[in-house]
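Asker: Here it is, the structure in full.
The values are calculated or read from the model by the stated rules, or taken from the named source; none is laboratory data. Please read these numbers as outputs of a predicted model, since none were measured by experiment. Every residue, glycine among them, receives a Cβ derived from its backbone with ideal geometry; neighbour counts consider all protein chains shown.
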Amino acid sequence: MLICTAQPVTRIAAGGWHSLFLKSNGSLWGMGDRYEGQLGDGSFDDGLSQPVQIAPSNVISIVAGRHHSLFLKSDGSLWGMGVNMSGQLGNGAYGRISTPELIFSSNVTAAAGGFFYSIFLTSDGRLWAMGDNKSGFTSGPSFVSTNRPVLIVSNDVTAIAAGEYHALFLKNDGSLWGVGDNAGGQLGNATSDNVIVPEQIVASNVTAIATGVYHSLFRMHNGSLWAMGQNFWGQLGNGNNDNVNTPEEIVPSGVAAIAAGAFHSLFLKSDGSLWTMGDNQSGQLGNGTFNHTNLPQRIVPADVTSIATGQNHNLFLKSDGSLWAMGNNQLGQFGNGTYDGANLPQQIVIDRPYYNRISIQLLSDGKVSLSYRGTSGLNYALDHALTLAPANWMPLATNQAGAGGLLIFTNAPDSTGNNFWRIRSVP
C-alpha cells in the first residue's frame with residue numbers, strides 16, 4: 001500500500017509501537033500506537049494506520065520514546081505528549097496527555113526518550129532529566145521519580161541518547177559518558193553495577209551514540225563502530241551471543257550513522273548501504289526472514305540517508321526522499337493504511353499525487369489491465385486477495401515502473417470469489 005504526503009520528509013523517529021516524521025515545511029506527523037496519547041492528536045484510541053498531523057509548523061526535531069513523544073520547535077522550546085505515569089513529560093504532573101504540552105520554554109537543542117524517562121540538552125551544554133528514577137540518575141540516589149526537569153550535568157554536553165533505563169552522552173572533547181542501569185554491561189565500564197553519577201567510558205574521539213534496551217553503540221572519529229551490553233539476540237553484531245561489558249569494535253571503518261532498537265541494531269555506511277543485526281522475530285532486520293543474526297547483514301546496497309529504530313520496527317529515508325519501513329506493524333506504525341508487518345523493506349511513497357489510484361481496464365480476453373503511477377525505476381509487486389476480512393494477500397507478479405513512473409499489470413480475475421488487488425513497492 002502507498003501513502004502520499006504533500007511535503008518531503010526530512011526527519012524520522014520510531015518509538016515502541018509508533019512512528020513520527022517531520023516534513024520540510026516544519027509540520028509533525030505521527031502514526032501507530034496512541035493508547036497513551038503519544039500521537040498528540042487528542043485521542044487515546046486504537047492504533048492509527050494513516051499519518052495524522054500533530055503540529056502544523058516550526059518543528060525542527062523529533063523524539064519517540066517507548067510510549068511518549070517529544071519535539072523541539074524553532075524557538076528552542078520542548079514539547080511532549082503521551083504516557084506520563086513517571087513524570088517523563090516533565091510538566092509537573094503524572095497523568096497521560098493526548099495533545100502536545102510545553103515542557104521547557106527555550107534553549108533546548110536536543111532531546112531523547114527512554115522507557116519511562118526523558119532527557120534533554122540545552123544550549124549551554126547542560127543535561128537535564130525527568131521521569132522514572134529506577135536507576136538513580138534522574139533525581140539522585142533516593143530513587144524517587146521526578147515530574148520536573150532535574151539538572152544532571154552542568155556543562156560541555158554535546159549529544160545524548162536514552163536507552164530503557166540507561167543514558168549515554170558526549171562532551172565537547174569527544175569523551176563518552178554513561179549513567180543508569182548497567183545490568184547487561186551496556187555502560188561499558190567492565191561491571192554490571194548501576195551507575196548513579198556519570199562515568200567516563202571512552203576518553204576521546206567519539207562522534208555518535210545510540211542506545212537500545214540493554215545495549216549501546218558508538219562510532220569513533222575514524223568511522224569504526226563499537227558496541228557493549230546484552231547480546232542475547234546478537235544485537236552487538238560480533239559473531240556470538242555473549243554479553244560484553246567493555247567496548248568491542250564491530251566494524252573497523254566506513255560507518256556513517258548508527259541506531260539501536262530494543263534488541264537489534266542498524267547502521268549506515270558511507271556508501272549509503274544499510275546494515276542490520278540482532279533480534280528479527282518481527283522481521284525488523286528486513287532480510288526476508290524471521291531469523292536472528294549476530295553478524296551485520298547488508299539490507300539495502302545504497303542511497304540510504306537516515307535511519308530510526310523502534311521496539312521491533314524500523315524506518316529509513318533514501319536520497320530520493322522516499323520513506324521505507326520494515327518489521328512489526330500491528331498498531332499501524334508503518335502508516336500505510338494496513339496493520340500488516342513486513343520482513344522486507346516497504347516503501348511509503350512521498351510527494352506523489354496518485355495515492356491509492358489504480359486504474360482498471362477490461363480486456364477482450366477476460367483479463368484485467370491494472371495501471372498505477374509510482375516512481376520510475378522502482379519495483380512494485382501485485383498482490384491478490386478474495387476477501388478483506390481478514391485479507392490473505394497472495395503475490396502475483398513484480399514489475400518495474402517505467403518512464404514517468406507508469407506501471408502496468410495484466411491478470412485474469414479469480415471467478416471463485418471477490419477480487420481485491422494491491423500494488424506495493426518492493427526493494
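Asker: State whether the residues of segment 376-397 include one that is modelled with pLDDT of 75 or more, more than 29 Å from residue 12 (Cα to Cα), outside any strand (DSSP E or B) and of a type in the set (A, V, I, L, M, F, W, C).
Answerer: yes
Asker: Can you tell which of 263, 334 is buried (at least 19 other Cβ atoms within 10 Å of the Cβ), within 12 Å of the chain's Cα centre (by Cα) and of a type in the set (Phe, Trp, Tyr)?
Answerer: Among 263, 334, only 334 is buried (at least 19 other Cβ atoms within 10 Å of the Cβ), within 12 Å of the chain's Cα centre (by Cα) and of a type in the set (Phe, Trp, Tyr).
Asker: Condition test on residue 17, is it among the hydrophobic types (A, V, I, L, M, F, W, C), under 28 Å from residue 258 (Cα atoms) and out of contact with any His (no Cβ under 8 Å at 6 or more places or on another chain)?
Answerer: The answer is no for residue 17.
Asker: I would also like to ask the following. Inspect all residues belonging to segment 51-59 and state whether any of them is closer than 19 Å to residue 160 by Cβ and at pLDDT 95 or above.
Answerer: Yes.
Asker: Cβ-Cβ under 9 Å, sequence separation 6+ or interchain: first residue in segment 47-71 and free of Cβ contacts under 8 Å to residues at least 24 places away in the same chain, partner assigned to a strand (DSSP E or B) and aliphatic (A, V, I, L, M). Which pairs?
Answerer: Qualifying pairs under 9 Å: 52/31.
Asker: Let me ask something else. Working carefully through the options 212, 184, find the one that is surrounded by 22 or more Cβ atoms within 10 Å (Cβ to Cβ), closer than 25 Å to residue 109 by Cα and out of contact with any Leu (no Cβ under 7 Å at 6 or more places or on another chain).
Answerer: 212
Asker: Taking residue 144 as meeting all but one of (1) surrounded by fewer than 19 Cβ atoms within 10 Å (Cβ to Cβ); (2) in contact (Cβ under 8 Å) with a residue 60 or more places away in the chain; (3) hydrophobic (A, V, I, L, M, F, W, C), write down the number of the exception.
Answerer: In the conditions (1) surrounded by fewer than 19 Cβ atoms within 10 Å (Cβ to Cβ); (2) in contact (Cβ under 8 Å) with a residue 60 or more places away in the chain; (3) hydrophobic (A, V, I, L, M, F, W, C), residue 144 misses (2) alone.
Rundown of residues vs (1) under 21 Å from residue 312 (Cβ atoms); (2) assigned by TED's automatic domain parsing to the domain that holds residue 331; (3) among the hydrophobic types (A, V, I, L, M, F, W, C), yes/no style:
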position: 17; (1), (2), (3): yes, yes, yes
position: 25; (1), (2), (3): no, yes, no
position: 41; (1), (2), (3): no, yes, no
position: 54; (1), (2), (3): no, yes, yes
position: 61; (1), (2), (3): no, yes, no
position: 80; (1), (2), (3): no, yes, no
position: 84; (1), (2), (3): no, yes, no
